[in-house]
1. Would you please name the residue that is farthest from Thr62 (Cα to Cα), looking only at residues in the stretch 1-33 that are in contact with a helix residue (DSSP H, G or I) (Cβ under 9 Å, 6 or more places away or on another chain) and among the aliphatic types (A, V, I, L, M)?
2. For the stretch 42-70, how many residues meet the condition of being surrounded by 12 or more Cβ atoms within 10 Å (Cβ to Cβ) and more than 17 Å from the chain's Cα centre (by Cα)?
3. Mind listing whichever residues of the stretch 17-41 are open to solvent by 70 Å² or more (accessible area, probe 1.4 Å) and not in a helix (DSSP H, G or I)?
Amino acid sequence: MGCDMKHRRRFKQTETLQERLARFAAELRERAQALPPGVERDQLLKTARNADTTAHLDDWMTSPGLRPPT
């Protein structure tokens with residue numbers, strides 16, 4: 001029996017997580033503007049807000065002022 005090892009593809013990110021999330025949110029908002037009001041548009045806008053929130057949380061978590069609980 002051969003040992004088939006699967007390797008995860010790895011690549012160097014050229015943008016920070018915040019930059020990628022901001023770009024993703026902007027793309028979603030742009031797509032949402034092209035849609036009439038409705039469920040699909042609302043879902044795109046909700047996902048964009050979630051991306052913004054995630055970017056802010058990541059920024060907070062990596063801030064130098066954050067200290068572990070004592």
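1. Once the filter is applied, the top-ranked residue is Ala32.
2. Result for the stretch 42-70: 1.
3. If the condition is that a residue be open to solvent by 70 Å² or more (accessible area, probe 1.4 Å) and not in a helix (DSSP H, G or I), then Ala34, Pro36, Pro37 are the ones that fit.
The values are calculated or read from the model by the stated rules, or taken from the named source; none is laboratory data. Nothing here was measured: the structure is a model prediction, and the numbers come from that model. Methodologically, a virtual Cβ is constructed for each residue, glycine included, from the backbone with ideal geometry; neighbour enumeration extends over all protein chains shown. These accessible areas exclude ligands, DNA and RNA; they are computed on the full protein's heavy atoms, side chains included. Shrake-Rupley method; radii C 1.70, N 1.55, O 1.52, S 1.80 Å.
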